[in-house]
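Let me begin by presenting the structure, written as structure tokens, before commenting on it.
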Amino acid sequence: MEDVLAVYERPYDPQAPTVCMDEKPYQLLADIRDPIPMAPGRDAKDDCEYARHGTCSIFVWVEPLAGVRWIDAQPTRTRVDWANQVKRLLTVDYPDAPKVVLVMDNLNTHTVASLYEAFEPEEAFALARRLEIHHTPKHGSWLNIAEIELSCVSKQCLGRRVADLETLNRELASWRESVNADKRRVEWQFTTRDARTKLRHLYPKQSNATVY
């Protein structure tokens, strides 16, 4: 926990930007019957029946101190999918940054080994050496700012049924453009000192016994 909190306390550095990432499964659903739109004195109505059109995975990346986000949906969430997302991050979003500080959870695909599964060793090593990875602890995903962003996008963008991946990505792109235009930054307030005070029950107990 303190490892991630120490990262959040660092000042902004364009040569080593801090980026948080997370992902979530999403179920594609289609309406069986057309919804009845809202009208004066009448609420909108959606039929309770729907058709399942499979699932996908939504990836979100956020640079908290710059107020920049990237989000898109992919059909699957394999090691190769994650590796391709990392390659885009390093070669498209931050091509000139010598290092990117990456905060994420401990999902089994979120490892340097995934890069070697997706790319030739030379390319995988070149990408890996530009990453400084920090994992949130088990049961500590709330420390990941990208998880907060996923909660925001769920409330602001995903409040209705979406039937296909193309439509979903259009909706996500519209949300991304809107929030990026505002440059909405995240100023993390929970510090290491706070953790040692408010979460002291999580720390190992110190023995007062004297050892001779």
State yes or no: is Val186 under 17 Å from the mean Cα position of the chain (by Cα) and buried (at least 17 other Cβ atoms within 10 Å of the Cβ)? yes
Does Trp61 qualify as being open to solvent by 50 Å² or more (accessible area, probe 1.4 Å) and under 12 Å from the mean Cα position of the chain (by Cα)? no
Looking only at the stretch 140-156, filter to residues that are open to solvent by less than 20 Å² (accessible area, probe 1.4 Å) and of a type in the set (A, V, I, L, M, F, W, C); which one of those is farthest from Cys20 (Cα to Cα)? Val153
List the residue pairs whose Cβ atoms are under 6 Å apart, where the first residue sits in the stretch 4-25 and is of a type in the set (A, V, I, L, M, F, W, C), the second is assigned to a loop (DSSP other than H, G, I, E, B), and the two are 6 or more positions apart or on different chains. Val4/Thr136; Ala16/Lys99; Cys20/Asn144
Residue under question is Gln85, and the condition is that it be polar (S, T, N, Q), farther than 30 Å from Leu202 by Cβ and in contact with a helix residue (DSSP H, G or I) (Cβ under 9 Å, 6 or more places away or on another chain); does it hold? no
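Name the residue that is modelled with the lowest pLDDT, counting only residues in the stretch 42-58 that are open to solvent by less than 70 Å² (accessible area, probe 1.4 Å) and assigned to a loop (DSSP other than H, G, I, E, B). Outline the logic, then answer.
Narrowing the stretch 42-58 to residues open to solvent by less than 70 Å² (accessible area, probe 1.4 Å): 44, 47, 51, 54, 56-58.
Now narrow it down to the ones that are assigned to a loop (DSSP other than H, G, I, E, B): 44, 47.
On the way: Ala44: 77, Asp47: 71.
Looking at the filtered set, the residue picked out is Asp47.
Can you tell me which residues in the stretch 6-46 are of a type in the set (A, V, I, L, M) and under 17 Å from the mean Cα position of the chain (by Cα)? So that I can check it myself, show each step before the final result.
In the first step, residues of the stretch 6-46 are kept if they are of a type in the set (A, V, I, L, M); the result is 6-7, 16, 19, 21, 28-30, 32, 36, 38-39, 44.
Those that are of a type in the set (A, V, I, L, M) and under 17 Å from the mean Cα position of the chain (by Cα): Val7, Val19, Met21.
The values are calculated or read from the model by the stated rules, or taken from the named source; none is laboratory data. Here the structure is a predicted model, which means the values were calculated and not measured. Ideal geometry is used to build each Cβ from the backbone, glycine not excepted, and the neighbour counts take in all protein chains shown. Calculation scope for accessible area: heavy atoms of the full protein, side chains included, ligands and nucleic acids excluded. Shrake-Rupley method; radii C 1.70, N 1.55, O 1.52, S 1.80 Å.
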